[in-house]
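Visitor: After the structure tokens below, expect a handful of questions from me.
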Amino acid sequence: MEQLPGRLGVRIEGLSTYQLLANEQGLHRRLTDRGSSLLAPVRVLREGDAEDDGDQGEIVRQYHEGRRQFVKDPRTGTRTANVKAVLNEGKLDMFLLASARAAATRGRHS
């Protein structure tokens, strides 16, 4: 893990890693129980790519921590009530799979 001033970087390697994680690029919004909203831009880069602080993109995932707790991907509609599993344990499989399925469907209809 690479720590930059005001940023957190994670290096992940493996076959097809970029293709799997590319759809995670965008804004992740955390909605707290006090009603405040925190935005975290996520970038997915290949080795040697220059980091771009341009367009932040769309909301990729929303983390609701109020009375009704859930995590939702507004692009695919995928949702889970287990916020702690997503935030604390990194349980992202259902979101990654739904995003990959949606991308494959868009590819077939293009």
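Visitor: What does the charge add up to near S99, with Lys and Arg as +1, Asp and Glu as -1, over the other residues with Cβ less than 9 Å from its Cβ?
Guide: 0
Visitor: About the Cα centre of segment 2-108, how large is the charge dipole given +1 on each Lys and Arg Cβ and -1 on each Asp and Glu Cβ? Please answer in debye to the nearest 20. Walk me through the intermediate numbers first.
Guide: Numbers: 18 positive and 15 negative charges, 146 e Å.
With Lys and Arg at +1 and Asp and Glu at -1, about 700 debye.
Visitor: Counting only the backbone N, which residues of segment 78-98 are under 15 Å from the spot 7 Å out from the Cα of V44 toward its beta-carbon?
Guide: From segment 78-98, the list is 92-98.
Only the coordinates and a few stated rules stand behind these numbers; no lab work does. Nothing here was measured: the structure is a model prediction, and the numbers come from that model. When we count neighbours, we look across all protein chains shown, and the Cβ atoms used for this are built from the backbone with ideal geometry, even at glycine.
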